[in-house]
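**Student:** The following block contains the structure, expressed as structure tokens.
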Amino acid sequence: MSAKIDKTNVTDEKEREFTSDEVRDHDERDSLWVIVDAGVYDVTRFIDDHPGGEDVLKEFGGRDASQRFLEVGHSADAHELMKKYRIGRVVDYDDTDVPDGTDTSAPEYSEGVGWLPLMAGLCASVIAYYVLNYVF
Ligand code: HEM
């Protein structure tokens, strides 16, 4: 593994740096990593102990789980506990897609964007209604 040490963000620990491609390889039960807010967490040994169950961790294995993680509203204890599993951070983390609770990986995972087309459709219907009633 060619991960180098991050010299810009060293506190008392050395942070390893990963690309999101590297993280993506760890999506199996025997090596399961998730990304939360640019941090990389190796939850392989936590799967059986996770109070939220293993399914949700496996679902997000190898990718960004920030939105889901935040939605759950994990307790302070959970945040404290997760430090134990942190193995580094993602260098090419792109959070422009996920400013405030929007979906992280729209192409593979489309949950959460359904209301947009719905609103567009609703607006179009309202406009059509007025045009048909008042113009013709
Ligand atoms: C190292 C990372 C994680 C740790 C240490 C952790 C820890 C915990 C803990 C302690 C709880 C019990 C409730 C609480 O204290 O907040 C919990 C619940 C839960 N977690 Fe996690 N979690 C992690 C990652 C994740 C991720 C990545 C997801 C989703 C993508 C997730 C989804 C859930 C869900 C759905 C629950 C159940 C909430 C409920 O029953 O209402 N967790 N987690």
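Every read-out reported here was derived from the displayed coordinates using simple, explicitly stated rules and does not represent laboratory data. Predicted model only: the values in this text are computed from it and were never measured. Heads up, the Cβs are rebuilt from the backbone with ideal geometry, glycines too, and the neighbour counts pull from every protein chain shown.
**Student:** Near the amide H of E15, under 5 Å away, which other amide H atoms are found, from residues 5 or more places off or on another chain, if H is placed in the peptide plane?
**Tutor:** Answer set, sorted by chain and number: D6.
**Student:** At 0.36 nm per residue, and after removing the present C-alpha to C-alpha distance, how many nm does the segment from I47 to E71 gain when stretched out fully?
**Tutor:** Extending this stretch completely gives an extra 6.7 nm.
**Student:** Rounded to the nearest 0.05, what FRET efficiency do V56 and I87 have when you use their Cβ-Cβ distance and R0 = 22 Å? Don't jump to the answer; show the numbers that get you there.
**Tutor:** On the way: r = 19 Å, r/R0 = 0.88.
For R0 = 22 Å, the calculated efficiency reads 0.70.
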